[in-house]
Amino acid sequence: MTVPLWLWIATIGGLLALIALDLVIVDRKPHEVTTGEAGRWVVFYISCAIAFGIGVWIFAGHDPGVEFFTGYITEYSLSVDNLFIFMIIMTSFKVPAIHQHRVLLVGILLALALRSVFIAIGAALIEQFVWVFFLFGAVLVWTAISMLRGKGEDEEYHENAVTRQVRRIAPVTDDYHGHRYTVKINGKRTITPMLLVIVAIGSADLLFAVDSIPAIFGITQEAFLVFTANAFALMGLRQLYFLLGGLVTKLVYLTYGLAVILAFIGAKLFLHALHEYHVVPDWLDINNWISLGVIVVVLTVTTVASLAKARRDERKQVTA
């Protein structure tokens with residue numbers, strides 16, 4: 001798949017235009033995002049991703065099209081699992097409801113910029129070294145095992161090194177000052193919790209990229225598809241945050257499903273590397289359609305099972 005420079009520029013320009021549209025319409029006047037408003041934006045961003053994927057399918061062929069949709073679904077599903085962490089961060093920093101959209105928007109833009117660096121490094125390594133597939137596969141399998149072993153532990157937010165470093169650079173005010181990031185108090189520049197929580201969101205998402213970037217490279221090695229799948233998944237994530245709300249906590253089996261998906265993609269990466277070294281026969285291969293089918297089936301089963309369990313638990317509470 002050959003991607004000319006003008007297409008990269010046009011794609012990035014289009015994504016920036018979508019972000020500007022979001023800023024003008026949603027964030028022009030800070031307000032609490034309603035469920036209906038969030039639902040419409042989620043449909044809009046998913047429609048944009050589908051339209052882009054169809055364009056890839058038409059102009060680049062069905063294989064890149066399948067790779068984009070598989071990567072997008074994988075990244076979106078991994079992002080959903082991270083929404084719970086975002087909720088904990090928002091609660092920890094006591095972010096006012098009217099400012100939560102801006103926090104997510106700027107935080108996720110920061111995360112996308114940092115992820116782009118990871119993507120560029122990953123693409124360069126894969127281009128030069130086959131053994132990187134073994135490394136990425138090992139990361140995904142280890143992450144899958146860690147997710148299963150860590151299931152059931154209490155989720156609690158602890159400030160990471162990046163957030164702590166920001167606190168050391170400048171004092172932080174106790175209260176929010178609208179959506180301002182810094183204020184002057186007694187002639188001294190001071191940062192507000194608004195800036196701190198954005199750094200917390202962005203840096204937390206960067207940690208999530210440790211598994212999501214290798215996962216999508218297990219689906220496609222095209223940097224253009226990796227970047228766009230990540231971009232569309234992240235851009236629709238903040239609206240999904242307001243739409244799902246507490247529903248995320250009901251998806252109790254989602255972690256198990258994501259662990260299965262990561263382990264599956266890790267195995268696919270191992271097989272791909274072995275193919276490159278001509279160790280395994282050609283027929284022992286996991287094609288794009290199989291990958292897409294496995295991911296969709298696993299996500300469907302875990303989501304339906306989670307919602308069914310939530311309904312059973314609610315009935316038990318009512319009966320009690």
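Observations on the model:
- Solvent exposure of L16, expressed as accessible area, is near 110 Å², computed with a probe of 1.4 Å over the protein chains only.
- Rounded to the nearest 20, the size of the Cβ-charge dipole of the chain about its Cα centre is 1180 debye, with Lys and Arg at +1 and Asp and Glu at -1.
- Net charge contributed by nearby residues that have their C-beta within less than 15 Å of A273 (K/R +1, D/E -1): -3
- Inter-centroid distance (Cα atoms) of segment 112-127 relative to segment 59-109, Å: 18 Å
- Per-residue SASA remark: E67, around 40 Å² accessible (1.4 Å probe; ligands, DNA and RNA not included).
- Residue-count net charge about I219 - beta-carbon cut-off 11 Å; Lys, Arg +1, Asp, Glu -1: -2
- Computed with a 1.4 Å probe on the full set of protein chains, the accessible area for D285 sits at about 90 Å².
- For the chain, relative contact order (Cα pairs under 8 Å, six or more residues apart, normalised by length) works out to 30 percent.
- Per residue of the chain, the DSSP helices (runs of n ≥ 4 H) give a summed -39500 (n - 2.57) that works out to -25500 deg cm²/dmol at 222 nm.
- Placing unit charges on the Cβ atoms of the charged side chains and taking the dipole of segment 1-147 about its Cα centre, the candidate lying farthest along the positive direction among I98, I126, N82 is I98.
- The packing ranking, built from the mean of other Cβ atoms within 10 Å per residue, places the peptides 181-187, 212-218, 295-301 in the order 212-218, 295-301, 181-187, highest first.
- Charge dipole of segment 39-184 about the Cα centre (unit charges at C-beta), most positive-ward option of W142, V117, I73: V117
The values are calculated or read from the model by the stated rules, or taken from the named source; none is laboratory data. Given the structure is predicted, the values throughout are model-derived calculations rather than measurements. Positions of Cβ are backbone-derived with ideal geometry, glycine not excepted, and every protein chain shown enters the neighbour counts. Note: accessible area is taken over every heavy atom of the protein model, side chains too, but ligands, DNA and RNA are not part of it. Shrake-Rupley method; radii C 1.70, N 1.55, O 1.52, S 1.80 Å.
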